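What follows is calculated from the coordinates using simple rules that are stated; it is not laboratory data. Note that the structure is predicted; figures quoted are calculated from it, not measured. Here the Cβ positions follow ideal geometry from the backbone for every residue, glycine too, while neighbour counts run over all protein chains shown.
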Amino acid sequence: MSQTVKPPALSWEPAGVGPALSMALTLIKGAAHVVVVAHSSPDGDAISSTLAVGHLLTLLQVPHTLVNEDPVPLGLRYLPGADRVVRPPEVAIAPDVVIALDCGEPLRLGPSLPAEWLNLPLIVLDHHDKWAFPAHTVAVRDIEAASTGEIVYRLLVASDVPLDRDMATLLLTSLYFDTGSFRYGCTTSGTMELAAALYRTGVDAWSLTSRIYENQPLARARIQGEALRELRLSECGRLAGFLITSAMQLRAGATAEECDGLVNQARAVAGVEIAWQLHAEAGKLRFAMRSRGNLDVTLIAQALGFKGNAFASNGWFDADADSAVTRIESAFAQVYGDS
Ligand SMILES: [Mn+2]
């Protein structure tokens, strides 16, 4: 049964969040035109949070435009409002308030966002550790929050508008992505408290998760098969990965975008601690590395000359495929011993 409910306040509130939410709401309610933006190359949390804030602004009757540097990922275009996201240069009416989401650093918003927009009254809702926004920013931050969607929910509660099924769909999607459907370590009893409030609107978990996890284009399924056939496992069994050539993409009928994220399939193999993938894209090789959490990726990323953290690294190789694979495998061996 679908229903609209009054969203219950969460039973805890991080320090400083309450006053920041009131300041944010005052700015929002006084705005003539709000631009809502999240980090470039948006993930499920970034897009869901953007759409959820857009939905809230609609309910509050505040004119707004939703933007992102990059398109909504293929697998998220079914979300309510996804077709409303445009690139920053397409914004027709200059904003007087900007809301940035799921991002602690202006640089991550992408190069086409006009720099002067960051001098406007600026509200940031975020759960990242890093912080580089200007001093005038109204920061609604909680680095313990499992997803930015959780902070958007707090804004909804403070706005005193009802929680409907579309909003619940968006906020649950943000939670599914950033908690790996309640599997990652960031999942807490608080996450479940929020999820319970959202499920109370009558959303059906399977109807949401089947669209996220069992809704891939045929080409994606085929390229996954191609990739897994090429899986290389190190002698110690802790490193696994694959190279996806453009010939493989052609055979599968898959685009480079449809190769994104396949690395998790390599990490899912028993005993594998760190997984990598390389796929041909625009004449180069796109690199991704992911850890299960027991081995740190940072030093391997450094050895390869890429940015990275404990869990992940991304980058590009110009080099030919064979030497790129050799460099990845020797960087692992250098950091973690005999591979
Ligand atoms: Mn996030």
Rounded to the nearest 0.05, what FRET efficiency do residue 326 and residue 265 have when you use their Cβ-Cβ distance and R0 = 25 Å? 0.65
So if each residue of separation counts as 0.36 nm, and I subtract the Cα-Cα distance between residue 282 and residue 3, what length gain in nm does that give? 95.8 nm
Below 23 Å, Cα to Cα, which lysines can residue 130 reach? Residues fewer than 8 away in the same chain don't count. 307
To check you understand DSSP bridge types, tell me what percent of the beta bridges within the chain (both residues inside) are antiparallel, rounded to 5. 45
Residues of type aspartates and glutamates that residue 29 reaches as a straight line, Cα spacing below 13 Å, ignoring anything fewer than 8 places off in the same chain: 96, 160
Just name one of 167, 67, 104: the one whose Cα is farthest towards the positive end of the charge dipole of segment 60-203 (beta-carbon charges, Lys/Arg +1, Asp/Glu -1). 167
List the aspartates and glutamates whose alpha-carbon lies under 20 Å from that of residue 284, not counting same-chain residues fewer than 8 positions away? 70, 226, 230, 257, 258, 260, 318, 320, 322, 329
Considering the alpha-carbon set of the chain alone, what are its Rg and its Dmax in angstrom? 20.9, 62
Evaluate E = 1/(1 + (r/R0)^6) for residue 229 and residue 144, where r is the Cβ-Cβ distance and R0 equals 45 Å; express this FRET efficiency to the nearest 0.05. 0.65
Put a dot 7 Å past each Cα toward the Cβ at residue 247 and residue 90; how far apart are the dots in nm? 3.8
Rg and Dmax of segment 16-154, Cα atoms, in Å? 13.4, 37
The local net charge around residue 44, scoring Lys/Arg +1 and Asp/Glu -1 for residues other than residue 44 whose Cβ lies under 11 Å from its Cβ, equals -4
Which Cα, out of 288, 92, 201, lies furthest along the positive dipole direction of the chain (beta carbon charges, K/R +1, D/E -1)? 201
Value at 222 nm in deg cm²/dmol, rounded to 500, when DSSP H runs of n ≥ 4 in the chain each add -39,500 (n - 2.57): -11000 deg cm²/dmol
